[in-house]
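Here the structure is laid out as structure tokens; the discussion comes afterwards.
The values are calculated or read from the model by the stated rules, or taken from the named source; none is laboratory data. Please read all numbers here as calculations on a predicted model, not as lab measurements. Here the Cβ is made from the backbone with ideal geometry for all residues, glycine too, and neighbour counts use every protein chain on show. Each accessible area value is taken on the protein alone, full model and side chains, heavy atoms only, with ligands, DNA and RNA left out. Shrake-Rupley method; radii C 1.70, N 1.55, O 1.52, S 1.80 Å.
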Amino acid sequence: MAAGIFGILDKIQKRGFEVEALNYPMEVYLDETFCLEKWLLSHKADYYLVGLHWFVHARGAYEVINRIRNSNSEAIIIVGGITASLFHELLMRDFKSIDYIIDGDGEEPIPMLVEALESKKDIDNIANLVYRKENKIIKSERKYILNNFEGFEYSNYSFLKNKEHYAEFSYPGIILEEKSLWLVNGRGCIYNCIGCGAARRARLGETYYCKEALICRNVDDVIQDIYNLRSFELDYIKLTHDFSSMGEKYYEEFFSRYKALSIETKIYNEFWQIPSEDFINKCTENGLSGRLDCTITAFTGDESMRKKLGKVFTNTELIECLNLCLDAHFTVKLYFSRFLPDENAISLLQTFKLIQTILNLDKSTQLIQIFYEGYLADPCSIMLEDVMLEDNYDIYINWESKNNGKVFQKMVHSLDGKSQLIDKKIINLLK
Ligand code: SF4
């Protein structure tokens, strides 16, 4: 589930509504006989919120929406999230089961909508709302962009069915031997990775981010949530936003407050670039040596290609940074990507050479894990800015770009065929 939804549900609950939340894939994983229709029939509600956030979950979201409608013809179905926002017109046009879409941030509009519907008040003034009126699709002229996190709590899981298992599912489709939860600590991004739908200059950033592009959540509130979540006995707390990019003052305060908590939980952080020497030093000075799990995306060993993709560090800087991480006993997940735009034999060789250097570096410690996965660009990213949903929503990966044809479908759908080709290329190169 998108981590931000917990703040919205908490707000609705605090306004006096009874809230229940269900993570359908988790339920099926816990009990393969779980029947969504049966559950919906025994937990009838007046309003249903369905998250359509990351586009790869689109097909699942459509399926859930249809099942809600089939089980409750009177249900009011509200859909929100990044993908729902970007494609609100198409979704409203083609999915008659959806009653309302929140186009943008939902923190204020969703509770306001539910309250207005409950008291039968006019909804025309609710910001970010897309709805139907007299067979026309109407979009509210009022815009709401979250510009601070005051009063939001993200550690309230009281409404989630089987909440005691939720921490075992921090990545979709991957069951890790760990307990971890994602925690909101910001919104937006200051960088411009060309394949990322959440980049500052991508359509999402330009339309839905506040002027500064990144808002940081108050350290006190983040720490309070971490404290509240201690009953889950987490191995990791996973921050949604790279706190090393939030400035020296922010991370210094975070480290000292975290140290004062005296808990064993480690911190997981996905760095937008690479951590600075100062960040690593401040972390260890606060006694957090060995308590940070870092994710770094290098994409390739080809520096100019990496820069074009949005990561602006050199191979030398990466290796220096990894050495500092190893000295600090941090674990590192380092990501490289295959099928990159403009990838060729030379860039592949540069990548393998860099991977080899890093493997040698880490021989004795084994703290670095290297991933080499297919590159996946988001629709409406800078690279695929004109990619739209096609009419056939059953195949959620069937997107089309006027400039690039079916490039996106190829990237997702034909990975198998293409990967064999690249594997052959790699084998020949290694020989
Ligand atoms: S991939 Fe790049 S643009 Fe996207 S959120 Fe991460 S750092 Fe920001």
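Evaluation of E177 against the conditions (1) modelled with pLDDT under 95; (2) away from the ligand (no atom under 16 Å from the Cβ); (3) surrounded by 13 or more Cβ atoms within 10 Å (Cβ to Cβ); (4) charged (D, E, K, R) shows that the sole unmet condition is (3). For the residues S289, S245, the requirement of being among the hydroxyl-bearing types (S, T, Y), more than 28 Å from I346 (Cα to Cα) and modelled with pLDDT under 95 singles out S289. What about A45, is it part of a helix (DSSP H, G or I) and in the same structural domain as K133 (by TED's automatic domain parsing)? Against the criterion (part of a helix (DSSP H, G or I) and in the same structural domain as K133 (by TED's automatic domain parsing)), A45 does not qualify. Would you confirm whether or not segment 273-284 contains a residue that is open to solvent by less than 30 Å² (accessible area, probe 1.4 Å), in contact (Cβ under 8 Å) with a residue 24 or more places away in the chain and either within 15 Å of the ligand (Cβ to nearest atom) or basic (K, R) (or both)? Looking for residues that are open to solvent by less than 30 Å² (accessible area, probe 1.4 Å), in contact (Cβ under 8 Å) with a residue 24 or more places away in the chain and either within 15 Å of the ligand (Cβ to nearest atom) or basic (K, R) (or both), one finds at least one in segment 273-284, hence yes. Taking segment 292-388 as the region of interest, the helices (runs of 4 or more DSSP H) fully inside it that hold 1 or more residues being within 16 Å of the ligand (Cβ to nearest atom) and open to solvent by less than 60 Å² (accessible area, probe 1.4 Å) are 303-309, 315-327.
Of everything in segment 233-260 that is hydroxyl-bearing (S, T, Y) and under 23 Å from A2 (Cα atoms), the residue that is surrounded by the fewest Cβ atoms within 10 Å (Cβ to Cβ) is T240. Take I263 and decide whether it is closer than 30 Å to L234 by Cβ, open to solvent by less than 10 Å² (accessible area, probe 1.4 Å) and not in a helix (DSSP H, G or I). When the stated conditions are applied, I263 does not pass them.
Starting from segment 183-209, keep only residues that are among the acidic types (D, E), then list their pairs with residues that are open to solvent by 40 Å² or more (accessible area, probe 1.4 Å) and at pLDDT 90 or above whose Cβ atoms are within a distance under 8 Å, requiring at least 6 positions of separation or different chains. Close Cβ pairs (under 8 Å, with a partner that is open to solvent by 40 Å² or more (accessible area, probe 1.4 Å) and at pLDDT 90 or above) amount to E206/R200.
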